[in-house]
1. Restricting the search to segment A:143-182, which residues are over 23 Å from residue A:101 (Cα atoms), modelled with pLDDT of 95 or more and not in a helix (DSSP H, G or I)?
2. Got a sec? Which strands (runs of 3 or more DSSP E) wholly within segment B:199-261 have at least 3 residues that are within 14 Å of chain A (Cβ to nearest Cβ) and surrounded by 17 or more Cβ atoms within 10 Å (Cβ to Cβ)?
3. Do the conditions hold for residue A:104, that is, is it surrounded by 15 or more Cβ atoms within 10 Å (Cβ to Cβ), more than 30 Å from residue A:34 (Cα to Cα) and more than 14 Å from chain B (Cβ to nearest Cβ)?
4. Quick one: in segment A:235-265, which of the residues that are within 14 Å of chain B (Cβ to nearest Cβ), surrounded by 22 or more Cβ atoms within 10 Å (Cβ to Cβ) and outside any strand (DSSP E or B) is modelled with the lowest pLDDT?
5. In contact with a helix residue (DSSP H, G or I) (Cβ under 7 Å, 6 or more places away or on another chain) and either assigned to a helix (DSSP H, G or I) or more than 10 Å from chain B (Cβ to nearest Cβ) (or both): does that describe residue A:228?
6. When residues of segment B:6-42 are filtered for being in contact (Cβ under 8 Å) with a residue 12 or more places away in the chain and either surrounded by fewer than 18 Cβ atoms within 10 Å (Cβ to Cβ) or under 23 Å from residue B:262 (Cα atoms) (or both), how many remain?
7. Residue A:202: within 14 Å of chain B (Cβ to nearest Cβ), part of a helix (DSSP H, G or I) and either in contact with a helix residue (DSSP H, G or I) (Cβ under 7 Å, 6 or more places away or on another chain) or surrounded by 24 or more Cβ atoms within 10 Å (Cβ to Cβ) (or both), yes or no?
8. Please specify each residue of segment A:79-99 satisfying the condition of being at pLDDT below 95 and more than 15 Å from the chain's Cα centre (by Cα).
């Protein structure tokens, strides 16, 4: 992957994204100022952000694959998946209240998450490798929050913004993967008692483990691996749904139980 | 609208069915047709098929998803009568030569082991009275030009019945999660759409209960042994010669179908 930004520009953009994330305000997409920015530049900014958070004492607990379904790619107008990192500071327990005060324009999506028991190293990581290395799977709700004005962005900017990662909730019922047919697991997203999105896990690259393998291979491009014990979200099964203070969201999964959260100011 | 007109319109549909041609929508002819009259036209159309030697083998439920209900401006499903000539069982190959402007839908079919006499039927009664469920494809077809249907047109046209294929795997509804079971549809090996049972009236069993109650009010029998196509869980798929579709229902299994020949339009 080719980079175009020098070190100084990467740090400057990293600080701009960090400010927008921690103080919850919207900024113009980065490519407005740097139109020739590449995906590699986006990941360089994301890596700088990750190192900065870790220096501040955040714990890296895993990764997420994003834009892995046709519904999501269509919704966001992009044509390839991306990845982002997850820290303990982004985690929220199920049945909790999530504050919208420190988010810009939050949206929720339901996903299948993997917890690994062996390390995974790319390139060449396959879905079979992922399933082999998986301790268990569980359902998750991801709260994404693009810091870019109007939720309009391109892939380079969204990668720099850590794949719009904001909050996540793992919960429901953990299961061994060999007891499930993951692609046909159905999921329903309800907001305030009404079904707003539906789908099956095959929406994520035909099999959610494919998305995790893709993630491991992107990590390899960056010289990283996925350590044992990682929590990995494989990407939204449905399109993302906007939430406001007062909203109650439930994600219900076949075989995997459900996750409920509320949003308040 | 008198009985003579109802018979004439039903006969017109039957003639279009026989000659594989299309007719102008009834709702564009300045006729004031009620939904009740549309069902009477349907009865005439079906009676002509029965007179020609077919028998009643079940029912289909249509207009079960929110998007389709919104499109047609109605807030409830409709139904049609399945006749013996509609069941395709020859190696799951569908001969398009017999159809006009077919589209495929992936569904769950119910086979009853007890009569269901509405009104007063609930989803719990449906589960109790069901022998088994199977994944299936319904190939809908319209005798109305360019599918320009309003609800009265499709009801009169026997709910746009074409042909159907049942899968080989039979499931006990007591062992399945009909609401959350994923529905994964592939066309020619590529993912086409995903959904869940909840897309059909909140659950396919709700749709069958609606049918039992509606038939009960109309005095139409609903007998043990009948097949009920419970409503589409996929997007409509245009099909042509050589196409292969496969649907896979979570916890249940697959139904495959292949298309051969050429439809009229």
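The values are calculated or read from the model by the stated rules, or taken from the named source; none is laboratory data. This structure is a prediction, so every number in the text was calculated from the model and none was measured. As a convention, Cβ positions derive from the backbone with ideal geometry for all residues, glycine included, and neighbour counts pool all protein chains shown.
1. Matches in segment A:143-182: A:171, A:172, A:173, A:174, A:175, A:176, A:180, A:181.
2. Those strands (runs of 3 or more DSSP E) span B:244-249.
3. In short, no.
4. A:238
5. no
6. Within segment B:6-42, residues that are in contact (Cβ under 8 Å) with a residue 12 or more places away in the chain and either surrounded by fewer than 18 Cβ atoms within 10 Å (Cβ to Cβ) or under 23 Å from residue B:262 (Cα atoms) (or both) number 16.
7. yes
8. A:79
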